[in-house]
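Below is one structure, written out as structure tokens; comments come after it.
The values are calculated or read from the model by the stated rules, or taken from the named source; none is laboratory data. The model shown is predicted, which means the values in this text are computed figures rather than measured ones. Cβ coordinates were reconstructed from backbone atoms using ideal geometry, including for glycine residues, and neighbour counts include every protein chain displayed. To get the accessible areas, we keep the full protein, side chains included, count just its heavy atoms, and leave off ligands, DNA and RNA. Shrake-Rupley method; radii C 1.70, N 1.55, O 1.52, S 1.80 Å.
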Amino acid sequence: MKAVVLVGGFGTRLRPLTATTPKQMLPVVDRPIIEYVLSTLERGGVSEVTLALGYKEDLFRAAYPDAVCGGVSLSYAVEPEPLDTAGAVRFAADAAGLDESFLVVNGDVLTDIDVRSLWERHHETGAQATIALTRVDDPTRFGVVPTDSQGRVLGFVEKPCREEAPTNWVNAGVYVLEPEIPGRIAGDRRVSIEREVFPAVAAENGLWAVKSEAYWIDIGTPSTYVQAQLDLIDGVRGAAMAAVAADAHVAEHAGVDRSVVMDGASVAAGAVVRDSIIMQGALIDEGALVDGSIIGPGARVGTGAKVTGMSIVGDRMSVEPGRLVDGSKIPMGD
Ligand code: GTP
């Protein structure tokens, strides 16, 4: 099986972290997001992946110079300008010369969805496209996908208001497409797969879906980026991962509770870190509090400062001693 993985977005909701690092290269506990995504594909039987790149594409190439990652071989398709989700699929399919069915995956989804069974169901039904569905409590942020009892998609409602959401089953960002699909996507403008392509294929009765109860999270927002990591250290997806990296330093009288402390980070005595992510090389000084927040690489939280309420402190930024940062991003407005 071959796959296209979409990794070209700007990741604006995760700024300021994405100002320096593209979203899929941000670490989740101990390795970049993209490595989890590719490992899931490899487990499902994918051997070749084309990364649909745009924003900061050079950082992907630099990270995987021998074009192998997560057990799959990589090729790169770099858009001259962002073409949106469907435009990117067309561009990557052309670049890779895909002329058989292929998988498409949003590069910011961490999931245990079985892509092999999605692939098999796609070929059983003879669909033009087959989407994996996942169930969420609040469907208003997603593409909501009502189906008949066999799984044929009846419509595609992108980000409906709560009263208009016909079901809680939403587009999981994992698809199988027939090779004819890219050919019907305009090549000269931005095209959204969710807003244009899927509604059109559904209207022709060519769109099918497979419901999955497997683990699924879209890490595109600060709170889901944190949650995905807490799930891994809590053991929600299998054996619990180590929360504190081997070369991080947590002082004896520091309180680190349900948090990730990455390589080279340090938490001083009397500091408290709760439900948070302390990224590589960040320093949490004596008596500081970090609660439900993200401290970026090389950032510093000064003595007695408090960072709370899903705040993000960007790369190498500092919070002065004693300062309170609640529900904010540093630098501000980033
Ligand atoms: P936000 O700016 O925070 O909305 O993030 P985003 O830019 O990543 O957009 P979104 O989360 O909606 O994108 C879903 C997936 O498609 C992500 O994996 C993106 O990297 C990818 N993506 C979005 N737009 C493009 C594009 O124009 N080109 C390519 N190659 N990928 C894209």
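Structure data summary
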item: Flag for residue 241 being within 20 Å of residue 285 (Cβ to Cβ) and either within 21 Å of the chain's Cα centre (by Cα) or touching a residue at least 60 places away in the same chain (Cβ under 8 Å) (or both); result: no
item: All positions within the stretch 242-260 that are open to solvent by 40 Å² or more (accessible area, probe 1.4 Å), aliphatic (A, V, I, L, M) and part of a loop (DSSP other than H, G, I, E, B); result: 242, 246
item: Any hit, the stretch 156-174, residues being at pLDDT below 95, part of a helix (DSSP H, G or I) and under 20 Å from residue 6 (Cβ atoms); result: no
item: Considering residues of the stretch 68-92 that are surrounded by fewer than 21 Cβ atoms within 10 Å (Cβ to Cβ) and polar (S, T, N, Q) only, the residue nearest to residue 11 (Cα to Cα); result: 75
item: Subset tally (residues that are more than 8 Å from the ligand (Cβ to nearest atom) and either charged (D, E, K, R) or part of a strand (DSSP E or B) (or both)) for the stretch 82-92; result: 1
item: Hey, residue 263 modelled with pLDDT of 95 or more and surrounded by fewer than 18 Cβ atoms within 10 Å (Cβ to Cβ) or not; result: yes
item: Residue in the stretch 38-46 that is open to solvent by less than 60 Å² (accessible area, probe 1.4 Å) and under 20 Å from residue 193 (Cα atoms) present; result: no
item: Cβ-Cβ under 8 Å pairs, at least 6 apart or on other chains, the stretch 297-312 side under 9 Å from residue 323 (Cβ atoms), far side open to solvent by 40 Å² or more (accessible area, probe 1.4 Å) and among the basic types (Lys, Arg); result: 302/323; 305/323; 306/323
item: Residue check, residue 266 closer than 19 Å to residue 331 by Cα, more than 16 Å from the ligand (Cβ to nearest atom), in contact with a strand residue (DSSP E or B) (Cβ under 9 Å, 6 or more places away or on another chain) and of a type in the set (Ser, Thr, Tyr); result: no
item: Matching residues, the stretch 1-52, being of a type in the set (Lys, Arg), in contact with a Ser or Thr (Cβ under 6 Å, 6 or more places away or on another chain) and away from the ligand (no atom under 13 Å from the Cβ); result: none
item: Residue within the stretch 171-180 that is closer than 19 Å to residue 216 by Cβ, open to solvent by 30 Å² or more (accessible area, probe 1.4 Å) and not hydrophobic (A, V, I, L, M, F, W, C) present; result: no
item: Those residues of the stretch 96-124 which are more than 11 Å from the ligand (Cβ to nearest atom) and under 20 Å from residue 190 (Cα atoms), in sequence order; result: 96
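Results for (1) over 29 Å from residue 236 (Cβ atoms); (2) at pLDDT below 95, shown as yes or no for each residue.
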| residue | (1), (2) |
| --- | --- |
| 6 | no, no |
| 34 | no, no |
| 58 | yes, yes |
| 64 | no, yes |
| 74 | no, no |
| 78 | yes, no |
| 86 | yes, no |
| 93 | yes, no |
| 111 | no, no |
